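Written below as structure tokens is the structure these notes are about.
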Amino acid sequence: LLAAAPHRFLFFVGATNILLAMLWWTLWLLDARYQWFGLAQPAIPAGWMHAIVMQYQVLSPFIFGFLLTVFPRWLSLPALGRWHYVPVGIGLLGGQLLTLAGLFGVPHLLYPGILLTTAGWLVGLAFLLQLLANEKQITWHAVSCAGALLLGLTGLLLVLAYGWSGNAMLMFAAIKFGSFGFLLPIYFTVCHRMLPFFASAVIPGYTIARPFWALALFWILILAHLALELAHGYAWLWLPDIALAALTAFLLSRWWPKQAKSPALLRVLLFGFSWLPISMALYAIQSLWFSSTGEFILGRAPAHALFIGYFGSLLVAMVTRVTQGHSGRPLELGKVAAFAFIVIQIVAMLRVLAELTSNSLFWQCIAAVLWLCAFLPWVVRSSWIYLTPRVDGQPG
């Protein structure tokens, strides 16, 4: 049954790893603060691995599950069979489990985990590129997602290259490729296509606004940000980041319904998207201050506004929407997803404010525990849906 549709298996893999990956990181933070468990530093420093696991292993199964489902629809091609997506799920699941085993004290499994993740990634990307090659016309949203996946593959190869060479700059680049080459373009592209579509489906008379100049401009700006990050040009990041904040705020204003009331599932999608202009504004403030003083006054606050606020919020909102629709259930947010979304907003704000306090590690621990509290009921409910037949009796 898990193999009945791409999203079933891959969403199940992602949902499982949300808890497993954050359980390890929560234990690590608590041990760093209180020395409760005596955890050893992994073969790759824990902070770096937190970034790698969350970007490349926790979120990628959701992304592949979504894209392997929607690419054939976007491109007007036949749906993929189970042997197109089952190997992807096996690679990503096995890679996650091996990597986490390496982090929990079996270090020789760490790099095989990254290698298996890369193998699953390659299989999924190959099938998506094959669909693009078979398309009779260009679907720019699909091209954008494929480009982001290629940059993500570059990041994974940089992780493997770091394991071979020990060059810390390769790991630094891998983390930046994951954030600004892979995740942010994927998330923005899916929002650009799906948010107006979702709104038009539930609000009579809603006008879809999907300007393709905005997608093209976004790519120019985000590649400029990535290049400046890789070159340590922090004093100039404000140039693309102010433009990114303005562009995404403009789109949010265009997408926001004019009606006083809209369904909760749409509202959480829009509220989740609102973290993107906020995070880019924080990046711009950080850069402007650095250009004047040489200090990073906000620390990792902009990054966590992006990762927890934007990526985390939209993960709950988007995956809930897809899970409800593809299981034959009403397109409703529901109490479990609403709880997860609300707590994630608290986690994002705590993690941002933690960078401004003198006791940052304490608040990081609180935020990590709350992340687990937010996602546990959501993962349990979602996993039950993936492990049971559709309620409407339809296949898939």
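Of all residues in region 84-99, count the ones that are open to solvent by 10 Å² or more (accessible area, probe 1.4 Å) and either hydrophobic (A, V, I, L, M, F, W, C) or in contact with a Ser or Thr (Cβ under 7 Å, 6 or more places away or on another chain) (or both).
Result for region 84-99: 5.
Which residue is most open to solvent (accessible area, probe 1.4 Å), if the candidates are limited to region 138-160 and must be closer than 14 Å to M171 by Cα and under 16 Å from the mean Cα position of the chain (by Cα)?
Once the filter is applied, the top-ranked residue is L153.
Give the residue, chosen from V352, V322, V369, that is among the aliphatic types (A, V, I, L, M), in contact (Cβ under 8 Å) with a residue 60 or more places away in the chain and open to solvent by 30 Å² or more (accessible area, probe 1.4 Å).
Only one candidate qualifies: V369.
Name the pairs whose Cβ atoms lie under 6 Å apart, with the first residue in region 1-20 and on the phi < 0 side of the Ramachandran plot and surrounded by fewer than 24 Cβ atoms within 10 Å (Cβ to Cβ), the second part of a helix (DSSP H, G or I) and among the basic types (K, R), and 6 or more positions between them or separate chains?
From region 1-20, the pairs are L2/R8; A3/R82.
Regarding region 67-82, can at least one residue be identified that is surrounded by 18 or more Cβ atoms within 10 Å (Cβ to Cβ), modelled with pLDDT of 95 or more, in a helix (DSSP H, G or I) and among the β-branched types (V, I, T)?
No: zero hits.
Please find, within region 30-62, the residue that is nearest to the chain's Cα centre (by Cα) out of those that are farther than 30 Å from L151 by Cα and open to solvent by less than 40 Å² (accessible area, probe 1.4 Å).
Let us first name the residues in region 30-62 that are farther than 30 Å from L151 by Cα, namely 30-40.
Right, trim to open to solvent by less than 40 Å² (accessible area, probe 1.4 Å) and you get 30-31.
Numbers: L30: 24, D31: 26 Å.
The qualifying residue nearest to the chain's Cα centre (by Cα) is L30.
Please indicate, with yes or no, whether at least one residue in region 42-55 is over 23 Å from L376 (Cβ atoms) and aromatic (F, W, Y).
The answer is yes; a qualifying residue exists.
Could you list, in sequence order, the residues of region 189-221 that are out of contact with any Lys or Arg (no Cβ under 8 Å at 6 or more places or on another chain) and among the small types (G, A, S)?
Answer for region 189-221, where residues must be out of contact with any Lys or Arg (no Cβ under 8 Å at 6 or more places or on another chain) and among the small types (G, A, S): A199, S200, A201, G205, A214, A216.
Is it the case, given these coordinates, that S279 is open to solvent by less than 30 Å² (accessible area, probe 1.4 Å), touching a Leu at 6+ places or on another chain (Cβ under 7 Å) and free of Cβ contacts under 8 Å to residues at least 24 places away in the same chain? If you could, list the steps in order and put the result at the bottom.
Values: open to solvent by less than 30 Å² (accessible area, probe 1.4 Å): yes; touching a Leu at 6+ places or on another chain (Cβ under 7 Å): yes; free of Cβ contacts under 8 Å to residues at least 24 places away in the same chain: no.
No: the conditions fail for S279.
Within region 43-84, work out how many residues are farther than 30 Å from G166 by Cα, touching a residue at least 24 places away in the same chain (Cβ under 8 Å) and among the aliphatic types (A, V, I, L, M).
5
The values are calculated or read from the model by the stated rules, or taken from the named source; none is laboratory data. Just so it is clear, the structure is predicted and the values come from calculations on it, not from any experiment. Neighbour counts run over all protein chains shown; Cβ positions are idealised from the backbone, glycine included. For the accessible areas, the whole protein counts, side chains as well, though only heavy atoms, and no ligand, DNA or RNA atoms are used. Shrake-Rupley method; radii C 1.70, N 1.55, O 1.52, S 1.80 Å.
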